[in-house]
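> One structure, as structure tokens, below. Some questions next.
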């Protein structure tokens, strides 16, 4: 295993994060961001400027160019800082409804889809109101 892909003992075999196992990983069987019928898998960058950062790549590559950063390099006061991309995907929609969680999907500027119970939707609207 290369140093850029070192996974700590007790961490997820899919993404390398601690606190969950492969079966519970939000990145397992992640649908392709370009809409192809295949799924994506976690990979680690080997490029000098992004070495060790994680991204998703479509399993249909090179036929499909589906690609999404999980860890995004940014500049802060002249040095590179890793920022984790917002992960608002819920692996199991029914599970999120049962546990009182809320899922908000925004596709573009206008189109929105909200799933959850009434109290959670009301709370979200209250928090989003400026």
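The values are calculated or read from the model by the stated rules, or taken from the named source; none is laboratory data. For clarity, every value in this text was computed on a predicted model and none was experimentally measured. Don't worry about glycine lacking a Cβ; one is built from the backbone with ideal geometry, like all the others, and counts go over all protein chains shown.
> Residues being closer than 17 Å to residue 65 by Cβ and not in a strand (DSSP E or B): count how many of those fall in the stretch 21-46.
8
> Go through the stretch 47-73 and report how many residues are over 20 Å from residue 13 (Cβ atoms), modelled with pLDDT under 85 and either outside the structural domain of residue 13 (by TED's automatic domain parsing) or part of a strand (DSSP E or B) (or both).
Qualifying residue count, the stretch 47-73: 3.
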